[in-house]
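Every number in this text was worked out from the coordinates using simple rules, so none of it is lab data. These figures come from a predicted structure and were not determined experimentally. So basically every Cβ, Gly included, is an ideal-geometry build from the backbone, and we count neighbours across all protein chains shown.
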Amino acid sequence: VSVIVENISVIGTGYLGATHAACMAELGFNVVGVDIDPGKIASLSAGDLPFHEPGLPELIRKHVTTGRLRFTTDLDEVGAWADVHFIAVGTPQVRGGTGADMTYVDTATASLARAITKDSLIVGKSTVPVGTAARLADLVAEQKNPDVDVSLAWNPEFLREGFAVKDTLTPDRLVVGTTSQADEAVLRRVYAEALNRNTPWIATDFQTAELVKVAANAFLATKISFINAFAEVTETVGGNITTLADAIGHDTRIGRKFLNAGVGFGGGCLPKDIRALQTRVAELGLDHSMRFLDEVDQINLRRRKKAVALAFDLLSQDVIGKKIAVLGITFKPLSDDVRDSPGLDVAARLFNAGADVHVYDPQGSRNAAKRYPRITYTDTLDDAVTEAELVILTTEWEEFRALTPEDLNHQVTTRRIIDARNVLHPPHWEAHDWTFTQLGRKV
Ligand code: UGA
């Protein structure tokens, strides 16, 4: 399709969509964010986000004020207005299964195709099973008004929670899967600013674009489970898992990033993406190709159980009624997201075993309380650790990294700590008579 890009719509205003819409406005386009949930549209218009993401509320408010950004539920109006439509709805893990739930993507694409009354490009951003873009292109051709020219492109997103704005405005690379040079040219206009900075531009086909996304997340998950598998070894034979990671990380072919051993990965992406990828390749008769991801998943889940087992060991196998302070409940720092969170899992297991669990997290308690309302969430770190018999550090927020034994010595009843993210300095704690353990450290 050939269009001049002035007006952009983003369908779905969750994490990805809200960020993308605000960033497109920042790049100078007129942008509308579309969602079926009127409540969400009302709060976003006021700059209120249902999740924590540094810098994003400010950016949204800025462009609602400049008039470049608005939000609506009216897809028909958007279909007559935008030149480029980004699909940014969710693809959660199906209930009771391991594949991706494609209902939202399919429904959004079909409704959009029917609503479009001007030549335009639909660009898929959601993380999807390979083969989806080709299927959706057929769906669009079938549903669209025959008088307009509408094509489909695939443009996966690699943003990290906590750095969503930065990752969207200055990405490491841009990947676009298209079926024509004209469609690619439209996307070059959308991303002209990044291209001017020489951001790598990978123009490819649908399948590659879809696979790049899941391959990247599968690789990251594998890297984390790789080091965590070695943590299981050092726990038995001794050795220092962090030094091991540093040493192999110096090899530039390996690199140090994502080699932090600990309680493992969580969140709304890595766990579900490796499961959906296995499910998809199995459908294609290739289950053997991604079987190792099952192992990656298992290693990861074992780490949570290990953290719980260490807690039991430290409390002489009896946790009932004992106060345990769990520091960090989000799946990672700078986020309020508790989806598939290792810290929350550890807290819930200990709570279910009868421990008196007190959780402190700078951002995550509200979301965690929705899932586990009976756990105690404290407003301060102090309240969580006071009279605790055990402290467990499960998410490496800056304020926990900075903790010293002097901060806690006189609060706790017994000096025991599990550093499940390997961010504290053991000798310092041991010098103050703390029983100090880490995942990856021989007890
Ligand atoms: C991940 C990818 O990093 C993004 O590139 C991708 O766009 C995103 O998923 C997505 O598909 O939308 P995110 O879920 O925000 O981003 O989180 P990460 O920063 O990747 O961290 C994932 C988990 O791995 C966290 O629980 C973190 O604590 C854990 N982790 C990370 C480790 O246990 N060790 C490490 O060395 C690194």
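Where does the chain land at 222 nm, in deg cm²/dmol rounded to the nearest 500, when only DSSP H runs of n ≥ 4 count, each adding -39500 (n - 2.57), divided by all residues? It would help to have the intermediate numbers written out before the result.
On the way: 19 runs with 196 residues, N = 443.
Helix-only estimate at 222 nm: -13000 deg cm²/dmol.
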(request) Starting at the first residue of the stretch 231-243, write each ³J(HN,Hα) from the Karplus equation 6.51 cos²θ - 1.76 cosθ + 1.60 with θ = phi - 60°, in whole Hz, x for Gly and Pro. (result) 4, 5, 6, 5, 4, 8, 9, x, x, 10, 5, 5, 5
(message) Explain nothing, just compute: Karplus ³J(HN,Hα) = 6.51 cos²θ - 1.76 cosθ + 1.60, θ = phi - 60°, for every residue of the stretch 307-319 in order, whole Hz, x for Gly and Pro.
(response) 4, 5, 4, 4, 4, 4, 4, 5, 9, 6, 6, 10, 9
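Using Cα pairs under 8 angstrom and six or more residues apart, how large is the relative contact order of the stretch 18-87, in percent? Could you put the intermediate results ahead of the total?
Values: 75 pairs, mean separation 27.9, N = 70.
Contact order relative to length: 40 percent.
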(request) Can you tell me the dipole magnitude for the stretch 7-204 around its Cα centre, using point charges on the Cβ only (Lys, Arg +1; Asp, Glu -1), in Debye to the nearest 20? (result) 380 debye
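When DSSP assigns beta bridges and you keep just the ones with both residues in the chain, what percent turn out antiparallel, to the nearest 5?
Working: 2 of 46 bridges.
Antiparallel bridges: around 5 percent, rounded to the nearest 5.
Roughly how many debye, to the nearest 20, is the charge dipole of the chain about its Cα centre, given +1 on each Lys and Arg Cβ, -1 on each Asp and Glu Cβ, and no other charges? Kindly include the intermediate steps, with their values, before the conclusion.
Values: 46 positive and 58 negative charges, 124 e Å.
Result for the chain is approximately 600 debye, rounded to the nearest 20.
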(message) List the residues, sorted by chain then number, that are 5 or more residues from residue 86 or on another chain and whose placed amide H is less than 5 Å from its amide H.
(response) 9, 10, 11, 123
(message) How big is the dipole moment of the stretch 301-443 about its Cα centre under a simple scheme where the beta carbon of each Lys and Arg is +1, that of each Asp and Glu is -1, and everything else is neutral? Debye, nearest 20, please.
(response) 840 debye
(message) With just the Cα atoms defining each centre, how far is the stretch 12-55 from the stretch 65-127? Give it in Å.
(response) 13 Å
(request) Go through 123, 102, 148 and say which Cα lies farthest out towards the positive end of the charge dipole of the stretch 7-204; charges sit on Cβ, +1 for Lys and Arg, -1 for Asp and Glu. (result) 123
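Two decimals, Cα atoms only, Kirkwood Rh: what is Rg/Rh over the stretch 221-438? Don't skip to the end; give the middle numbers.
Details: Rg = 17.6 Å, Rh = 17.9 Å.
Taking Rh as the inverse mean 1/r over Cα pairs, Rg/Rh reads 0.98.
Counting other C-beta atoms within 10 Å, and keeping those with at most 14, which DSSP coil trypsin sites (Lys or Arg not before Pro) do you find in the stretch 63-115?
Details: sites: 68, 70, 95, 114; in loops: 68, 95.
The qualifying sites are 95.
List the trypsin sites (Lys or Arg not before Pro) within the stretch 405-443 that fall in a DSSP loop (any state other than H, G, I, E or B) and whose Cβ has at most 15 other Cβ atoms within 10 Å.
On the way: sites: 415, 416, 421, 441, 442; in loops: 415, 421, 441, 442.
Passing sites in the stretch 405-443 are 442.
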(message) Could you tell me the extents of the stretch 1-107's C-alpha atoms along the three principal axes, largest first, rounded to whole Å?
(response) 45, 36, 22
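Just check the stretch 7-204 against the gyration tensor rule for me: Cα atoms, a ≥ b ≥ c as the square roots of the eigenvalues, rounded for a/c under 1.5, and otherwise prolate or oblate depending on whether a/b exceeds b/c.
Rounded shape, in that the Cα axes give a/c under 1.5.
For a test of the definition: using alpha carbon positions, the gyration tensor, and the 1.5 limit on a/c, classify the stretch 57-139 as rounded, prolate or oblate.
Details: a/c = 2.45, a/b = 1.42, b/c = 1.72.
The shape class here is oblate.
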(request) Let me know the whole percent of all Cα-Cα pairs from the chain that are separated by more than 36 Å. (result) 34 percent
(request) Compute the long axis of helix 56-66 from its Cα atoms, compare it with the longest principal axis of the Cα atoms of the chain, and write down the angle in degrees, 0 to 90, nearest 10. (result) 30 degrees
(message) Charges on Cβ only, +1 for Lys and Arg, -1 for Asp and Glu, centred on the Cα centroid of the chain; of 335, 431, 80, which one is farthest towards the dipole's positive end?
(response) 431
(message) As a quick test, which of the pairs 118/166; 40/213; 62/125; 166/213; 118/213; 40/370 have an alpha carbon distance above 20 angstrom in this structure?
(response) 118/166; 40/213; 62/125; 118/213
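Divide the volume of the convex hull of the Cα atoms of the stretch 187-257 by its number of residues and quote the answer in cubic angstrom per residue. Provide the component values of the computation, followed by the final result.
Values: hull volume 8.2 nm³, N = 71.
Spread over its residues, the Cα hull of the stretch 187-257 gives 116 Å³ apiece.
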(message) For a quick check: with amide H placed at 1.01 Å from N, whose amide H comes under 5 Å from residue 175's, ignoring anything fewer than 5 positions away on the same chain?
(response) 202
(request) Fewest Cβ neighbours within 10 Å first, please rank 404, 109 accordingly. (result) 404, 109
(request) Please report, in cubic angstrom per residue, the volume enclosed by the convex hull of the alpha-carbon atoms of the stretch 21-79. (result) 71 Å³
(request) Enumerate the calculated ³J(HN,Hα) couplings along the stretch 111-122 in order (Karplus 6.51 cos²θ - 1.76 cosθ + 1.60, θ = phi - 60°), each rounded to whole Hz, writing x wherever the residue is Gly or Pro. (result) 5, 4, 4, 6, 7, 6, 10, 9, 4, 6, 10, 9
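May I ask you to derive the relative contact order of the chain, considering only C-alpha pairs under 8 Å and at least 6 residues apart, and to give it as an integer percent? List each step's numbers first, then the result.
Details: 906 pairs, mean separation 53.3, N = 443.
The normalised contact order for the chain reaches 12 percent.
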(request) Only Cα pairs under 8 Å and at least 6 apart count here; give the relative contact order of the stretch 221-438 as a rounded whole percent. (result) 18 percent
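Please give the FRET efficiency for residue 366 paired with residue 147, using the beta carbon to beta carbon distance and R0 = 35 Å, rounded to the nearest 0.05.
Details: r = 49 Å, r/R0 = 1.39.
It comes to 0.10.
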(message) For a quick check: with amide H placed at 1.01 Å from N, whose amide H comes under 5 Å from residue 357's, ignoring anything fewer than 5 positions away on the same chain?
(response) 324, 376
